[in-house]
Amino acid sequence: MPLPPLTILLAKPRGFCAGVERAINVVQAALARYGRPVYVRHEIVHNRYVVESLEAMGAVFVDELDQVPTDRPVVFSAHGVPRAVPAEARERGIFYLDATCPLVAKVHHEAQHHARSGRQIILIGHAGHPEVVGTMGQVPTGQVLLVEDVGQAEQVAARDPDRLAYITQTTLSVDDASAIVAVLRRRFPTIQGPRSEDICYATTNRQQAVKAIAARCDGLVVVGASNSSNSRRLVEVARSAGCARAFLVSRAAEIDWTLLTGLRRLGLSAGASAPEVLVEEVIAACRTRFEVTLDEVPVTEETVVFNLPAALQDA
């Protein structure tokens, strides 16, 4: 029997962003420079395939610095860390390498600037996400009010409405964040925002790429980890843009093929921490069940590259 036809619309851009590539390169360069093991505090990025690949090279992932020997280097994840973490490393005499995405570091600098200027800060983001924890940890406790949705934006109470600023997590839904900002600006007309958008270029581009294909698809798969904020937002964006059958998988083995029964056009994208090899894995799995035609749909080209930390630039 011939296989049923399936056209896969490949969103572009998809997958790794410059911040993720830099973070992975920091660990690999540290292993080349300092040998095994190199310790990494928390997942370097939110993807088990990446973490396990680095473990095979000699990286050891830990939860806290008290698990790191003082004679071995430690890398801080791409999501950023509270200021107390590098301070603890210095106090214990541990050499550290900071793999914080430069666009997350930009938000950290904004938070510090507003705090020094005496402004209370509203952080738009998701409670408990490592990036949010790291950003809130840049300033004294109580200086930041976390707002997760429009409802909270309507209720948040500022200490002084005329001394107020907002910043955002870099991996939010662009549309959701815009709606929250609109509420804050209506309630607090003098609130200060970032000079340039906090939501990163990669998050924006991947969401736009999904929007470009969602309405043309019978179903859409996003490859990414369940704890990846930007990957989860891609699923939400796809559903909002007209593809109700959008779902997240970390690997091809997780696909519920009953959800693809009768599909003729499948959208495919990947979160910013998901490597292209996992996208190829999904395509290969589709080829065993369908006669596949690939149609890549480019929205924009990305040329952003971030340098390694100075200590590793000749590694």
| remark: Taking segment 268-277 and the residues there that are of a type outside the set (A, V, I, L, M) and outside any strand (DSSP E or B), the one that is farthest from residue 101 (Cα to Cα) would be 276
| said: Under 8 Å between Cβ atoms, which residue pairs at least 6 apart in sequence (or on different chains) link something in segment 117-130 that is touching a residue at least 40 places away in the same chain (Cβ under 8 Å) with a partner that is aromatic (Phe, Trp, Tyr) and surrounded by 23 or more Cβ atoms within 10 Å (Cβ to Cβ)? | reply: 121/166; 122/166; 123/166; 124/166
| If you check every pair at least six apart or on different chains, which have Cβ atoms under 8 Å apart with a residue in segment 81-96 that is closer than 18 Å to residue 59 by Cβ and assigned by TED's automatic domain parsing to the domain that holds residue 59 first and a residue that is among the aromatic types (Phe, Trp, Tyr) and surrounded by fewer than 18 Cβ atoms within 10 Å (Cβ to Cβ) second? | 89/95
| request: Output the number of the condition that residue 42 fails; it satisfies all remaining conditions of (1) of a type outside the set (Ser, Thr, Tyr); (2) on the phi > 0 side of the Ramachandran plot; (3) not assigned by TED's automatic domain parsing to the domain that holds residue 77. | output: (3)
| query | Do any residues in segment 278-307 that are part of a strand (DSSP E or B) have Cβ atoms under 9 Å from those of residues that are surrounded by 15 or more Cβ atoms within 10 Å (Cβ to Cβ) and of a type in the set (D, E, K, R), where the two are at least six apart or on different chains, and which pairs are they? | reply | 295/265; 296/12; 297/12; 297/216; 298/12
| field | Every residue from segment 283-301 that is within 18 Å of residue 206 (Cα to Cα) and either over 21 Å from the mean Cα position of the chain (by Cα) or surrounded by 15 or more Cβ atoms within 10 Å (Cβ to Cβ) (or both) | value | 295, 296, 297, 299
| message | I want to confirm something. Restricting to segment 174-219 and keeping residues that are within 26 Å of residue 102 (Cα to Cα) and among the acidic types (Asp, Glu), which single residue is modelled with the lowest pLDDT? | response | 197
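The values are calculated or read from the model by the stated rules, or taken from the named source; none is laboratory data. Quick caveat: nothing in here was measured; it's all calculated off a predicted structure. FYI the Cβ positions are ideal-geometry reconstructions off the backbone, even for glycines, and counts take in every protein chain you see.
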